[in-house]
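This report concerns only the one structure given below.
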Amino acid sequence: MKKAYESIMENRLKAFDNMLEGVAIHEVIYDSFNEAVDYIIIDVNPAYEDITGFKKENVLGKKASTIYNKDTPPYIEIYSKVAMTGEPEHFEAYFEPMDKYFQIVVTSPEKGKFATFFEDISEYKTTEKKLKKVKNVTV
């Protein structure tokens, strides 16, 4: 039984490490009023590093507000809601500090934590904008 469990865990870790999407696991930080005020990164996959440009060793255990140099951590309302309710969310967003568009799926592996699965869709968004401009000009 122990070997089977270890094999399953090893396969999950391989999948995590080989995903093309960036993945980050976070824990929400609450204030004394139980309001979400920040979150820390507790694990990332290699694609996270490729997409964001941040090295794993520089982000683990750090507050998002510090990593992204923002007073309010990005998307805290959405992320804390998912961490509390367990209901997944999916959205697209432009993230100004990186000058990139992302497609993001957020899930909660356990209460107070959340996982983000994301991909850089900047090229798609740029092409979409160009096509809209061309369409508006030729109409």
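The values are calculated or read from the model by the stated rules, or taken from the named source; none is laboratory data. What you see is a predicted model; the values in this text were computed from it and never measured. Every residue, glycine among them, receives a Cβ derived from its backbone with ideal geometry; neighbour counts consider all protein chains shown.
From the list Ile51, Ile41, Ile29, which one is buried (at least 17 other Cβ atoms within 10 Å of the Cβ), under 11 Å from the mean Cα position of the chain (by Cα) and not in a helix (DSSP H, G or I)?
Numbers: Ile51 fails: not in a helix (DSSP H, G or I); Ile29 fails: under 11 Å from the mean Cα position of the chain (by Cα).
Result: Ile41 is the single residue among Ile51, Ile41, Ile29 that is buried (at least 17 other Cβ atoms within 10 Å of the Cβ), under 11 Å from the mean Cα position of the chain (by Cα) and not in a helix (DSSP H, G or I).
Do the conditions hold for Lys111, that is, is it more than 16 Å from the chain's Cα centre (by Cα) and surrounded by 15 or more Cβ atoms within 10 Å (Cβ to Cβ)? First the steps, then the outcome.
On the way: more than 16 Å from the chain's Cα centre (by Cα): yes; surrounded by 15 or more Cβ atoms within 10 Å (Cβ to Cβ): no.
So Lys111 does not fit the description; no.
Scan the range 69-81 and tell me whether some residue there is more than 30 Å from Glu128 (Cα to Cα) and at pLDDT 95 or above. Quick ask: steps written out before the conclusion?
Filtering the range 69-81 for residues more than 30 Å from Glu128 (Cα to Cα) gives 71, 80-81.
Add one more test, that the residue is at pLDDT 95 or above, and what stays is 80-81.
Yes, the range 69-81 contains at least one residue that is more than 30 Å from Glu128 (Cα to Cα) and at pLDDT 95 or above.
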